[in-house]
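Everything on this sheet refers to the single structure shown next.
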Amino acid sequence: MTEKLYDLNSYVKTCEAEVLSCTPAKKNGIEGFAVELSRTCFFPEGGGQPADVGTITAGNESVRVLYTYEQGEQIFHLCDKPLEVGCSVCAAIDFAPRFANMQIHSGEHILSGVILKEMGLHNVGFHMGHEFNTIDLDGEITPEQAHQLEAKVNAIICENRPVFVSYPDKEALPNIPLRKKPEVDHLRVVEVQDCDWCGCCGTHVAHTGEIGLLKILDVQRYKGGTRVSFLCGAAALADCADKCQSLKNICVSLSCKPQDAFSNVEKLKAELAEKKQALAAKNRQLFTLLAKQLCENAESFGEDKLVFVIDNSLSADDLKAFAAQIAANEKTVGALFSQQNGTISYALCRAKDAACDLRALSQHLNKALNGKGGGNQELCCGKLPEHPEEEIYQVISCSSLNIK
Ligand SMILES: [Zn+2]
């Protein structure tokens, strides 16, 4: 059995120990050597908290601890190199990530305690992630409620309340207002003074002030309840700073105050939609005039006339709008193309009285130029890979010989 130095003191960063065993092992997808020590300050993964990593030094040799895990009463340090059994070592955890984990874990307990007290909802899942942390609740909360809960949590952080770890005896346990029913007899209780009591194996800060800040990032409906994403400590501050800078950039770009940024963006969106509509109306007028002109000078195409257009300024929607105007002219077939970002969009159209089999023409075009698309006898749309204009014209103009 390994003596667990982190259990009653989360601030033990290094310890002297003896190597009890060392065997090749693969755990959590990591290959290495499972090293058991007589005592350790390394926290093994558990209770939603990730494993500690760090270094074990024997004499002049150092090995990296890539992962720490518990098996029964034993704790194994998965190392990148083997260590000699029986030798004395110094084990040192990477304290910066561990302290961040302590901040998150204590923050999570306060958040869960406050949510239970204020909303009567239970934390049914906790995950510490690389980008953010989540708790899952057995009921719904709104973003406004989350905002109020966040303020209450941060008030408790500010009050710098002590956090206690204890192993109460069986008689004392029923008098403790535990957030969750205990599943084991010898329960380790983590208490945030006058806020939360929870059975937990994790490492915690000694005073809530060390958490610094808890920021709720998002609340989302999840499996009939709510998933709350949050950050603590330096990560929360960095996230706030990032978002502040983004808002600042937007405000410089819009020449407005932060509190006006959202309404300004909404205004710009509305203006853009209006301009798009106006442009589409102008384009329709332009397409009507152009179509008329092009149809007057159109070449013959079997029994019909062919209007062939390549204009890379036209969007796929423009092509359709233009095609509709061309098809309004008697006995006319339109073949319109526009190349943007290495892809050619096409629209084929025909007047109601035209003889051309439009779908056959579309299939012929797709086959000849490796394209995709289709439609009906009035309009066929699709896409082609890049091809020279002459080649496209050849494929269309020569097809009148085959397609009736
Ligand atoms: Zn916990």
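Structure values in brief
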| item | result |
| --- | --- |
| Single match in 154, 160 (criterion: under 20 Å from residue 99 (Cβ atoms), in a helix (DSSP H, G or I) and touching a residue at least 24 places away in the same chain (Cβ under 8 Å)) | 154 |
| Residues located in segment 172-218, provided they are assigned to a loop (DSSP other than H, G, I, E, B), crowded, with 19+ Cβ neighbours inside 10 Å, among the β-branched types (Val, Ile, Thr) and away from the ligand (no atom under 11 Å from the Cβ) | 205 |
| Evaluation of residue 241 against (1) buried (at least 18 other Cβ atoms within 10 Å of the Cβ); (2) more than 16 Å from the ligand (Cβ to nearest atom); (3) free of Cβ contacts under 8 Å to residues at least 60 places away in the same chain (one fails), failing number | (1) |
| Failed criterion for residue 111 (all others in (1) out of contact with any helix residue (DSSP H, G or I) (no Cβ under 8 Å at 6 or more places or on another chain); (2) surrounded by 15 or more Cβ atoms within 10 Å (Cβ to Cβ) hold) | (1) |
| Residue check for residue 380: hydrophobic (A, V, I, L, M, F, W, C), modelled with pLDDT of 95 or more and surrounded by 15 or more Cβ atoms within 10 Å (Cβ to Cβ) | yes |
| Filter result for residue 123 (within 15 Å of the ligand (Cβ to nearest atom), in contact with a Leu (Cβ under 8 Å, 6 or more places away or on another chain) and not assigned by TED's automatic domain parsing to the domain that holds residue 43) | yes |
| Qualifying position, being at pLDDT 95 or above, assigned by TED's automatic domain parsing to the domain that holds residue 347 and within 30 Å of residue 378 (Cα to Cα), among 323, 273, 298, 316 | 323 |
| Counted residues, segment 131-171 - those being away from the ligand (no atom under 16 Å from the Cβ) and farther than 21 Å from residue 10 by Cα | 22 |
| Pair list, Cβ under 8 Å, 6 or more apart: segment 177-193 residue among the basic types (Lys, Arg), other residue part of a strand (DSSP E or B) and more than 12 Å from the ligand (Cβ to nearest atom) | 188/166 |
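The values are calculated or read from the model by the stated rules, or taken from the named source; none is laboratory data. Remember, predicted model here, so these are calculated numbers, not experimental data. Note that each Cβ is placed from the backbone with ideal geometry, even for glycine, and that neighbours are counted across all protein chains shown.
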